[in-house]
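A short write-up of the structure that comes next.
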Amino acid sequence: MPRPRKRLAGPAGPDKKGPSGKRPKSENPGELSATVELSGSQKTAASNNCGETPSNHWLMKSEPESRLEKGVDVKFGIEDLKAQPKQTACWDGVRNYQARNFLRAMKLEEEAFFYHSNCKEPGIAGIMKVDVQFIRMMKRFIPLAELKTHYQAHKATGGPLKNMALFTRQRLSIQLLTQEEFDFILSLEEKEPS
DNA sequence: GCCAACGTTGGC
DNA sequence: GCCAACGTTGGC
């Protein structure tokens with residue numbers, strides 16, 4: 001489970017997992033340093049996304065309700081992100097290979113939906129930017145059930161959510177969204193809950 | 001709390 | 001490199 005944490009002020013670590021060690025011991029599986037956190041000021045424009053390249057949009061899952069995993073509470077909802085210094089957190093604990101590749105592919109300032117998973121009401125709670133910093137709450141919470149309704153309709157009609165990873169890659173904790181998916185979900189904010 | 005989906009592990 | 005067993009994710 002991706003497990004955003006309090007700021008650890010780590011460098012945006014290239015993760016050093018060599019091919020050598022097969023995998024993290026089950027003893028301590030978390031803490032791969034696939035960190036997106038950019039500590040402190042982002043002085044350098046270097047990795048910044050200024051320029052012409054269109055930026056990617058993401059969806060990142062986290063659990064807003066308390067749950068112990070090896071004695072550690074993994075709770076980290078959007079309110080917890082807001083409560084961090086600079087409203088910025090370090091997104092660690094991602095184990096899945098593809099999710100980690102996405103973490104590495106992210107560029108600063110790209111936007112991501114903060115998705116609440118494994119909880120009473122799963123869905124998209126807000127928006128943050130890669131750094132990982134809170135931007136804003138959704139104007140209204142967009143429940144999974146509503147997204148699923150659109151997904152099912154779009155499968156038939158060829159609408160924007162027809163291939164949404166949330167449904168086609170069910171267990172992937174970090175997902176790349178198409179521009180169409182991102183825009184469509186944003187447009188839902190303006191609508192009445194369906 | 002249950003359990004389906006699905007990723008990972010490890011014997012062969 | 002197959003695939004059954006196992007572990008995890010995450011909706012319900």
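Among the conditions (1) touching a Ser or Thr at 6+ places or on another chain (Cβ under 9 Å); (2) closer than 16 Å to residue A:57 by Cβ; (3) of a type outside the set (S, T, N, Q), the only one that residue A:113 does not satisfy is (1). Where helices (runs of 4 or more DSSP H) fall wholly inside region A:144-190, the ranges with 2 or more residues that are polar (S, T, N, Q) and more than 15 Å from the chain's Cα centre (by Cα) are A:144-157, A:179-188.
Among the residues of region A:129-139, are any crowded, with 19+ Cβ neighbours inside 10 Å, of a type in the set (Asp, Glu) and under 18 Å from the mean Cα position of the chain (by Cα)? Checked against the condition, which is being crowded, with 19+ Cβ neighbours inside 10 Å, of a type in the set (Asp, Glu) and under 18 Å from the mean Cα position of the chain (by Cα), region A:129-139 yields at least one hit. Given the criteria crowded, with 19+ Cβ neighbours inside 10 Å and of a type outside the set (A, V, I, L, M, F, W, C), does residue A:126 qualify? Yes: the conditions hold for residue A:126.
Restricting attention to region A:124-174, the residues being within 12 Å of DNA strand C (Cβ to nearest atom) and not hydrophobic (A, V, I, L, M, F, W, C) number 10.
Restricting attention to region A:68-91, the residues being within 16 Å of DNA strand B (Cβ to nearest atom) and either within 14 Å of the chain's Cα centre (by Cα) or surrounded by 13 or more Cβ atoms within 10 Å (Cβ to Cβ) (or both) number 3. Scanning region A:179-188 for residues that are under 14 Å from residue A:111 (Cβ atoms) and in contact (Cβ under 8 Å) with a residue 40 or more places away in the chain turns up A:179, A:181, A:182, A:185. Sub-7 Å Cβ pairs linking a first residue in region A:115-126 that is without any contact (Cβ under 8 Å) to a residue 24 or more places away in the chain to a second residue that is crowded, with 22+ Cβ neighbours inside 10 Å and in a strand (DSSP E or B), at least 6 apart or interchain, are A:122/A:116, ordered by first then second residue. Can you tell me which residues in region A:164-185 are within 14 Å of DNA strand B (Cβ to nearest atom) and surrounded by 15 or more Cβ atoms within 10 Å (Cβ to Cβ)? Those that are within 14 Å of DNA strand B (Cβ to nearest atom) and surrounded by 15 or more Cβ atoms within 10 Å (Cβ to Cβ): A:164, A:165, A:166, A:167, A:172, A:173, A:174, A:175. Exactly one residue out of A:152, A:170, A:175 is touching a residue at least 60 places away in the same chain (Cβ under 8 Å) and among the polar types (S, T, N, Q): that is A:175. On inspection, residue A:133 does not qualify as in contact with a His (Cβ under 8 Å, 6 or more places away or on another chain) and more than 16 Å from DNA strand B (Cβ to nearest atom). Can you tell me which residue within region A:93-123, out of those that are in a strand (DSSP E or B) and near DNA strand C (Cβ under 10 Å from one of its atoms), is surrounded by the most Cβ atoms within 10 Å (Cβ to Cβ)? Checking each candidate, the answer is A:115.
Read-outs throughout are calculated quantities, based only on the coordinates presented, and are distinct from any laboratory measurement. In this text the structure is predicted, and so the values were computed from the model without any measurement. Neighbour counts run over all protein chains shown; Cβ positions are idealised from the backbone, glycine included.
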